[in-house]
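To start, the structure under review is shown below, and the notes come after it.
The values are calculated or read from the model by the stated rules, or taken from the named source; none is laboratory data. Everything quoted here is computed from the prediction, not taken from an experiment. Backbone-built Cβ (ideal geometry, glycine too); neighbour counts: all protein chains shown. Ligands, DNA and RNA are excluded from the accessible area calculation, which covers all protein heavy atoms including side chains. Shrake-Rupley method; radii C 1.70, N 1.55, O 1.52, S 1.80 Å.
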Amino acid sequence: MVQDLTNDGGVLKEILVQGTGEATPQNGDDVSVHYVGTLAEDGSKFDSSRDRDTPFEFKLGKGQVIKGWDVGVASMKKGEKALFTLRSDYAYGDQGSGAKIPPKATLKFEVELLRWNEKELKGTNGLVSFRKLVDGEGWKSPEENDEVLVKYTGTVTDKNNKTTQVAPVNEFKPVQLGKGVLPKGVELAITKELKKNGKIEVTCKGEYTSGKGEQVQYEVELKDWNKVLDLHNDGGIVAKIGSSDSSSESCGDGYQLKVEVEGKSVKDKKVVDPKKVLEGIVGNGDLPAHVEFVLAHLHKDQTVHVTVQPKYLPATVNFSTNNNNNNNDSKGKKGNKGGDKGGDKGGDKGGEKGAVEYTVKVLESTSYLNVDFEKRVASAAKRREQGNTFFKAGDLDKALEKYEAGSKLLENSTEDDDSSEKKKKVNSELVLLHLNKAAVLKKSGKFEKSIHECSEALKLEGSNTKALFRRGTSYYELRLLDKAKADLVRAKELDSALSEADVYLGNIAKLQKFEDDKDRKLYAKMLSGLHYEEEKKTEQPKKQESESEESEEEEEEE
């Protein structure tokens, strides 16, 4: 079918190959095309980008090409191939162009629209490109494994250049990323470039396709998304949190909260765990596990739904009676912690057990900066204890995370109070946290950072033996022998029974003698100016077992 794009016969269009999607380029877009130009009169070819094997690129609607091209290409979809017939007043007019295009010539152009405004997705080596059709709102994008509410169309092109349409999803539907519903490259583009109410076109090749063809092209529109959190990574306790446009701070670690919680049977929507108001500090274990693990992702007045499978149900669940009218009998109580226990200890009071969906809403939120002083110090100590548990289990990353969290809770805790008693409490806890961080970092081989933590502890308590010992041994590992010796000598002065310091000091003496011997020989050689046979090298002292395997006391958390 021939279309008259200008309604005056000036630009006629016949589609040879249908394009994909609904979008077309707009004025100002950078377009890339292949074309073959011929004279309508005799079919002779006067120009071709295909002969040069190089696409032609220009900015649409800005007069960079003949008028008929601006009109015609603006009507095309991606991948479309069309034959345009341009009357001379939409081409080169009465003058013609060069020797090949005579005056008043009608021209035919076979044009294929390859792409427009496409960018390469970083980190994909050119195998994934994208084009934003609608920018979307805000600055956040979904994350890996989130549940996105999308509609999309797609095509798959195989090795034989055969194109197959993906079954279109014309209504918004939830799709969890990471489950293989969408090709890998499309999911990657969604997480890196797509915003709420945005629309994007993605082209993927190679390893970023679904494995069904050489190339896939999707047009995806994102309405919203839910963050999906799986507490145990087994589907036992799963939360879906809607994206939030709230400008308020999220309820982070150490926040004091008041939350409303109610559980309903997934099967029949009956209340099986009556509505209650719980209070506690995030991260202290005051609240049930199925409630606490989502709180750091919420804002005040935000609601989240958490699905708990039978083996993780708390003891407060009762399937035997309808609790719809028992909504306000538990206000102010701290939560039952059975949500992380599972098994036969909870959720089996009569009736047939099943999954329960909890609605959790934050009613009140107090930043850790405004929490009562004694509670802040207690929370910091709690993080230290939690870190110690991870340290003993060999999970150094999580141990360090907890120690860092404890230090953060004590930030500015005595800013408005000069009380020496309060400062003493805070400094005492901070010293322990710095020492434990130093132990983790030293064990991880991060000696410079371990030295920093020891120095911070010594600013608060200048005669702390463990801080001096750990800093001295870290200096030793970096072969900063003078600094190591100074710290270890001082530690030995403070604790004469510190035998581990003697071992390190003995090794330092041997290493320094070895370095002195090398320096003397080098100096003698420089003075003589003579070539001589290299003397037998003095062996470096072997590491003592206590050097590579730190003592139980040195590794023990505080």
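Determine whether Thr191 is farther than 15 Å from Gly21 by Cβ and either surrounded by 15 or more Cβ atoms within 10 Å (Cβ to Cβ) or polar (S, T, N, Q) (or both).
Working: farther than 15 Å from Gly21 by Cβ: yes; either surrounded by 15 or more Cβ atoms within 10 Å (Cβ to Cβ) or polar (S, T, N, Q) (or both): yes.
When the stated conditions are applied, Thr191 passes them.
Considering only the stretch 18-41, how many residues are within 26 Å of Thr164 (Cβ to Cβ) and open to solvent by 70 Å² or more (accessible area, probe 1.4 Å)?
Total satisfying the criteria: 2.
I'd like to know if the stretch 91-109 contains one or more residues that are within 27 Å of Tyr218 (Cα to Cα) and open to solvent by less than 50 Å² (accessible area, probe 1.4 Å). Walk me through how you get there before you give the answer.
Step one: of the stretch 91-109, the residues within 27 Å of Tyr218 (Cα to Cα) are none.
The answer is no; no qualifying residue exists.
If we scan the stretch 408-417, do we find a residue that is over 25 Å from Gly285 (Cα atoms) and either part of a helix (DSSP H, G or I) or modelled with pLDDT of 95 or more (or both)?
Scanning the stretch 408-417, I find no residue that is over 25 Å from Gly285 (Cα atoms) and either part of a helix (DSSP H, G or I) or modelled with pLDDT of 95 or more (or both), so the answer is no.
Just the residues that are within 28 Å of Thr163 (Cα to Cα) and in a helix (DSSP H, G or I), please, taken from the stretch 71-96. Walk me through how you get there before you give the answer.
Filtering the stretch 71-96 down to residues within 28 Å of Thr163 (Cα to Cα) leaves 71-85.
Matches in the stretch 71-96: Val71, Gly72, Val73.
Matching residues to (1) open to solvent by less than 40 Å² (accessible area, probe 1.4 Å); (2) of a type in the set (Gly, Ala, Ser); (3) out of contact with any strand residue (DSSP E or B) (no Cβ under 6 Å at 6 or more places or on another chain):
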| position | (1), (2), (3) |
| --- | --- |
| Asn427 | no, no, yes |
| Asn436 | yes, no, yes |
| Ser450 | yes, yes, yes |
| Cys454 | yes, no, yes |
| Tyr476 | yes, no, yes |
| Ser499 | no, yes, yes |
| Gly506 | yes, yes, yes |
| Leu511 | yes, no, yes |
| Asp517 | yes, no, yes |
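When you scan the stretch 202-210, do you find a residue that is buried (at least 18 other Cβ atoms within 10 Å of the Cβ), touching a Phe, Trp or Tyr at 6+ places or on another chain (Cβ under 7 Å) and touching a residue at least 40 places away in the same chain (Cβ under 8 Å), even just one?
Yes, there is a match, as at least one residue in the stretch 202-210 is buried (at least 18 other Cβ atoms within 10 Å of the Cβ), touching a Phe, Trp or Tyr at 6+ places or on another chain (Cβ under 7 Å) and touching a residue at least 40 places away in the same chain (Cβ under 8 Å).
Taking the residues in the stretch 137-157 that are touching a helix residue (DSSP H, G or I) at 6+ places or on another chain (Cβ under 9 Å) and among the small types (Gly, Ala, Ser) as candidates, determine which candidate is most open to solvent (accessible area, probe 1.4 Å).
Just the residues of the stretch 137-157 that are touching a helix residue (DSSP H, G or I) at 6+ places or on another chain (Cβ under 9 Å), to begin with: 141-144, 146, 148, 150, 152, 154.
Keeping just the survivors that are among the small types (Gly, Ala, Ser) gives 141, 154.
Working: Ser141: 27, Gly154: 4 Å².
Looking at the filtered set, the residue picked out is Ser141.
A quick yes/no check of all residues on (1) buried (at least 17 other Cβ atoms within 10 Å of the Cβ); (2) modelled with pLDDT of 85 or more; (3) assigned to a loop (DSSP other than H, G, I, E, B):
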{"site": "Ser365", "(1), (2), (3)": "yes, yes, no"}
{"site": "Glu385", "(1), (2), (3)": "no, yes, no"}
{"site": "Gly394", "(1), (2), (3)": "no, yes, yes"}
{"site": "Lys398", "(1), (2), (3)": "no, yes, no"}
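Look at Lys258 and say whether it is in a strand (DSSP E or B), open to solvent by 60 Å² or more (accessible area, probe 1.4 Å) and within 30 Å of Phe293 (Cα to Cα).
Values: in a strand (DSSP E or B): yes; open to solvent by 60 Å² or more (accessible area, probe 1.4 Å): no; within 30 Å of Phe293 (Cα to Cα): yes.
So Lys258 fails the test.
Could you please find all residues in the stretch 35-64 being touching a residue at least 40 places away in the same chain (Cβ under 8 Å), charged (D, E, K, R) and assigned to a loop (DSSP other than H, G, I, E, B)?
Hit for the stretch 35-64 is Glu41, nothing else.
Just for the stretch 102-121: of the residues that are part of a strand (DSSP E or B) and free of Cβ contacts under 8 Å to residues at least 24 places away in the same chain, which one is farthest from Leu133 (Cα to Cα)? Give the steps one after another, and end with the answer.
Within the stretch 102-121, the subset part of a strand (DSSP E or B) is 107-116, 119-120.
Still in the list and also free of Cβ contacts under 8 Å to residues at least 24 places away in the same chain: 119-120.
Details: Lys119: 12, Glu120: 15 Å.
If we take residues in the stretch 102-121 being part of a strand (DSSP E or B) and free of Cβ contacts under 8 Å to residues at least 24 places away in the same chain, then Glu120 is farthest from Leu133 (Cα to Cα).
I need the full set of residues from the stretch 158-188 which are assigned to a strand (DSSP E or B) and open to solvent by less than 40 Å² (accessible area, probe 1.4 Å), in order please.
Start the filter on the stretch 158-188 by keeping residues that are assigned to a strand (DSSP E or B), which leaves 163-176.
Hits for the stretch 158-188 are Val166, Val169, Val175.
So which residues in the stretch 287-314 are open to solvent by 30 Å² or more (accessible area, probe 1.4 Å) and part of a loop (DSSP other than H, G, I, E, B), if there are any at all?
Selection gives Ala296, His297, Lys300, Asp301, Gln309.
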